[in-house]
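Heads up: the structure comes next, in structure tokens.
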């Protein structure tokens, strides 16, 4: 599996693309964040829920925002849906 470059205006943070054989799969930032955090998150852009609550190897997951940042910035689902929205 190897990473490939951005295309079609996709943001590097907003989506990750992987090549496995000849197929290319795009995963949303929300899906990636849910997986890394071992959480269940709704992806507003694709109207899909990603549930990784059964993932056992997450030792710690935290979002640290600057002092005075809006409350939504520490809400993982809202933050990554905002990234996807652009």
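The values are calculated or read from the model by the stated rules, or taken from the named source; none is laboratory data. Fair warning: this is a prediction, and the values are worked out from it, not measured in the lab. All Cβ positions, glycine included, derive from the backbone under ideal geometry; neighbour counts span all protein chains shown.
Within the set 45, 6, the sole residue that is at pLDDT 90 or above, surrounded by 12 or more Cβ atoms within 10 Å (Cβ to Cβ) and in a loop (DSSP other than H, G, I, E, B) turns out to be 45.
Yes/no matrix, rows are residues, columns are (1) surrounded by 13 or more Cβ atoms within 10 Å (Cβ to Cβ); (2) in contact with a helix residue (DSSP H, G or I) (Cβ under 7 Å, 6 or more places away or on another chain); (3) assigned to a loop (DSSP other than H, G, I, E, B):
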{"site": "30", "(1), (2), (3)": "yes, yes, no"}
{"site": "35", "(1), (2), (3)": "yes, no, no"}
{"site": "49", "(1), (2), (3)": "no, no, no"}
{"site": "56", "(1), (2), (3)": "no, no, yes"}
{"site": "59", "(1), (2), (3)": "no, no, yes"}
{"site": "63", "(1), (2), (3)": "yes, yes, yes"}
{"site": "68", "(1), (2), (3)": "no, no, yes"}
{"site": "81", "(1), (2), (3)": "yes, yes, no"}
{"site": "84", "(1), (2), (3)": "yes, yes, no"}
